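The values are calculated or read from the model by the stated rules, or taken from the named source; none is laboratory data. Just so you know, these numbers come straight off a predicted model, no measurement behind them. Positions of Cβ are generated from backbone atoms using ideal geometry, with glycine treated the same way; all protein chains shown enter the neighbour counts. Quick note on the areas: whole protein, heavy atoms, side chains included, nothing else; ligands and nucleic acids left out. Shrake-Rupley method; radii C 1.70, N 1.55, O 1.52, S 1.80 Å.
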Amino acid sequence: MPELPEAEVVAGQIRSRLLGAPLGDVWVGRADIVREGFSTLSWYPGASLQSVERFGKSVALRFVKDKVCRYVVAELGMTGLLLFQSTPTKHPQHVHVKMLFEDAREPELRYWNPRRFGRLSLLDTAGLDRYLARRFGLDPLAAAQQDFVELLQSRRGRLKSLLMHQQVIAGIGNIYANEILFRAGLHPHVQVSRLSVARVEKLYQIMCEVLHEAIACGGSSVRDFFAPDGTEGQYKRRHLVYGKVGQPCPNHCGGVIRRFQGERSAYFCLSCQSLRSTK
Ligand SMILES: [Zn+2]
């Protein structure tokens, strides 16, 4: 379940505690957790961590050694977490990778992934470019409003599916798609092509507000999300519709929150999010 805000919180914590730290060793418990680049594992010891970036729901650690740079990219989507050593781990047998740092605030960064949806990739710069091009569309927090408007105008299909389509817009999953659409007053199944420019502009602003607010709250801890230091995200308390089926609409419209069962559940209020409301 980690989505963009959670991945951003993870990247921020690693940045604040490990930037510049030299890597002593990397332990990999099961080789199949490495999607790509396993044969380059021996390059990493002795390299130092130069930057930490988020792409979609993934976190990329950039290491440099002898002016060469390589990346460790961790997919957090679904069940993957990056945790510091001091954070107690449920089911420690699911720690599949340990990065051991020397003279750092955190001696160890672990990749924990109980269901192994998601992998690590060890990539050079060209490999990272290919990885990003294959997987990630426009980043909601990096895109200008005009880019977002043009992107939506060029697409067809249902709005919620589009918001969650990682190769179109990278980082939004089911929780934030539902929260954004409710606040924007847009039905999850509305056809993107029917939305006015004004509605898309408002959607963009609400999307940015929700994502920034969620990052400031440390993300949402639903099921198994913890930040690397073990803290839980508090944005769950501000969820208005996600997981609230049968509860009164928080807009006090008199309606109740409904759920569509689909590929991923849509939570919405039919009075506040009419299919006809597109202008
Ligand atoms: Zn309502």
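So if I place +1 on the C-beta of Lys and Arg and -1 on the C-beta of Asp and Glu, and nothing else carries charge, what would the dipole magnitude of the chain be about its Cα centre? I want it in debye, nearest 20.
About 1160 debye.
Exceedance of the 23 Å cut-off in Cα-Cα distance is limited, within the set K160/K244; K90/K236; K90/K244; K65/K98, to K90/K244. How would the range 196-279 be classified by its alpha-carbon gyration tensor: rounded, prolate or oblate, with rounded meaning a/c under 1.5 and the a/b versus b/c comparison settling the rest? Oblate, since a/c reaches 1.5 and b/c is not below a/b. Summarising the label geometry, the points placed 7 Å from Cα in the beta-carbon direction at S274 and Q146 lie 3.4 nm from one another. The distance separating the Cα centre of the range 41-66 from that of the range 1-15 comes to 15 Å.
Using 0.36 nm times the number of residues separating K202 and D103, minus their current alpha carbon distance, what extension gain do you get?
30.9 nm
Take every Cα pair under 8 Å whose residues are at least 6 apart in sequence, average their separation, divide by the length of the chain, and the relative contact order is 20 percent. Taking a ≥ b ≥ c as the square roots of the eigenvalues of the alpha carbon gyration tensor, the range 54-103 is oblate, as a/c is not under 1.5 and a/b does not beat b/c. Here r is the Cβ-Cβ distance between R158 and F117 and R0 is 25 Å; the resulting FRET efficiency, rounded to 0.05, is 0.55. Just to confirm the number: angle between the C-alpha axis of helix 4-18 and the first principal axis of the chain, 0 to 90 degrees, nearest 10? So the helix axis and the longest Cα principal axis differ by about 30 degrees. If Lys and Arg each add +1 and Asp and Glu each add -1, what is the summed charge of the other residues whose beta carbon sits under 13 Å from the beta carbon of F148? My count for the surroundings of F148 gives -1.
Every helix of 4 or more DSSP H residues in the chain counts as -39500 (n - 2.57), and over all residues that averages to -8000 deg cm²/dmol at 222 nm. Positive contributions from Lys and Arg (+1) and negative ones from Asp and Glu (-1), summed over other residues with Cβ under 15 Å from the Cβ of E106, come out at 0.
Using only the Cα atoms of the range 1-107, build the gyration tensor, take square roots of its eigenvalues as a ≥ b ≥ c, and label the shape rounded, prolate or oblate: rounded if a/c is under 1.5, else prolate if a/b is larger than b/c, else oblate.
Numbers: a/c = 1.32, a/b = 1.21, b/c = 1.09.
Rounded is the answer for the range 1-107, as its axis ratio a/c remains below 1.5.
Against the chain, whose longest principal axis comes from its Cα atoms, helix 125-135 is set at around 30 degrees. Here each label is just a point 7 Å from Cα along the line to Cβ, and for A133 and E232 those points are 4.3 nm apart. For the chain, dividing the convex hull volume of the Cα atoms by the residue count gives 126 Å³ per residue. The gain in end-to-end length when the D66 to Q247 segment is fully stretched comes to 59.3 nm, 0.36 nm per residue minus the alpha carbon separation. The spacing between the range 113-134 and the range 228-279, judged by their C-alpha centroids, is 32 Å.
Just the number please: accessible area per residue for the range 129-204, 1.4 Å probe, all protein chains included, in Å². Each step should come with its number before you reach the end.
On the way: 3070 Å² over 76 residues.
For the range 129-204, the per-residue accessible area is 40 Å².
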